[in-house]
1. For TRP109, what is the net charge nearby, where nearby means another residue's Cβ is under 11 Å from its Cβ and Lys, Arg count +1, Asp, Glu -1?
2. At a Förster distance of 22 Å, what's the computed FRET efficiency of HIS234 paired with LYS26, Cβ-Cβ distance as r, to 0.05?
3. Where nothing but the Cβ of Lys and Arg (+1) and of Asp and Glu (-1) is charged, how large is the charge dipole of the stretch 8-336 around its Cα centre, in debye to the nearest 20?
4. I need HIS48, HIS208, HIS89 ordered by Cβ neighbour count within 10 Å, fewest first.
5. Given a Förster distance of 41 angstrom, what is the FRET efficiency for GLN264 paired with LYS177, based on the Cβ-Cβ distance and rounded to 0.05?
6. State, as an integer percentage, the relative contact order of the chain based on alpha-carbon contacts under 8 Å between residues 6 or more apart.
7. Please report how far the C-alpha centroid of the stretch 265-337 lies from that of the stretch 192-229, rounded to the nearest whole angstrom.
8. Using alpha carbon coordinates only, what is the Rg to Rh ratio of the stretch 8-336, with Rh defined as the Kirkwood radius?
Amino acid sequence: MPAEWEPHSGTWFTWPRPDGISFPGKYEPVPAVYGALIRELIRVEEVHINVWNEEMETWVRSFLRTQQIPMNRIFFHLFPAYEPWCRDHGPIFVVRESNGSRERAIVDWSYNAWGGKYPPFDLDDAIPQHMARLRNVPLFSPGIVMEGGSLEVNGCGTLLTTDACLLNPNRNPNLSKNQIETYLREFLGVTHILWLGEGIAGDDTDGHVDDLTRFVSPDTVVTVVEKDPADDNHAPLAENLRRLLTMKDQAGKSLRVVELPMPQRMEHEGTRLPASYANFYIANGLVLVPTYRDPNDSQALEILQREFPGRRVVGIDSTDLIWGLGSFHCISQQEPS
């Protein structure tokens, strides 16, 4: 599995349905967030959009045109899914060098909507199969539940994940930690697996790593920390930081750990929202960072720009999107070149 900063041929989205359950009572502002992301992405790579039906495709095309977004690098696919979380129901691409050429394949983990929380999810689970047929690449189906947001790799053999998610009995209750590690090694080509603890408050995925800690280079991670000891996130994020400071990569070298702030507590209708600056998306020459109309937005952007000196770091307001309990990394999936 390549690192996210390795070259992409494109970025995939699954367009949210107005009658889906992800944005109850607040769908109207969400398409504009997608438009802002797509406007940036088409400057650097193709954008592929899964749509529910032809009627949705017609509407999305019209909407993007009203946003003055050029359409020449945007491609639509009639691959229906109930909800828009393409990071988790989409495929994981893997690559290899063979006889001087780069070959690609797709890993089709089983998807059960984060432990069966939001049925139905059969259509979402089928997305990797559609994409493998479209790209005419091999499809590997491990037969166990796994989501893209629960996995973070440095492209050199090291993978980061969390106890809270992968060891949750609502995913693969019959598998031990060692057995899960074997699947990760065999299907993603990793050699070294690092485990963090709990996720952030409000995260209905049971602790996805892409809200916590992200590789920004083969030997460096950024990890979110909460300075307020009264906040629910303070203790679990401090524990994750403690673990990271003891961790080593596949070569036995200590990780370089860079702290990212958390935005202030966000709620909507009494629900704690899992707002995190770690949920950024890395594209070709570009990093798209969720912002939250928060005093810490500028600090988070400055830190990430330092860590990505060769890329343009762009903050985009995710305040409306986070009501769906996810942000930019959650809705996107990269297709490596």
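Every number in this text was worked out from the coordinates using simple rules, so none of it is lab data. Fair warning: this is a prediction, and the values are worked out from it, not measured in the lab. Neighbour counts run over all protein chains shown; Cβ positions are idealised from the backbone, glycine included.
1. Details: positive: ARG171; negative: ASP88, ASP108, ASP125, GLU147.
Around TRP109, the surrounding residues sum to -3.
2. Numbers: r = 28 Å, r/R0 = 1.29.
Result of the calculation: an efficiency of 0.20.
3. Values: 30 positive and 44 negative charges, 204 e Å.
That gives a dipole near 980 debye.
4. Numbers: HIS48 22, HIS208 31, HIS89 26.
Arranged by neighbour count, lowest to highest, HIS48, HIS208, HIS89 become HIS48, HIS89, HIS208.
5. Working: r = 35 Å, r/R0 = 0.85.
So the FRET efficiency works out to roughly 0.70.
6. Details: 692 pairs, mean separation 68.4, N = 337.
Relative contact order here is 20 percent.
7. When both Cα centres are located, 14 Å separates them.
8. Working: Rg = 18.7 Å, Rh = 20.0 Å.
Computed over Cα atoms, the ratio is 0.93.
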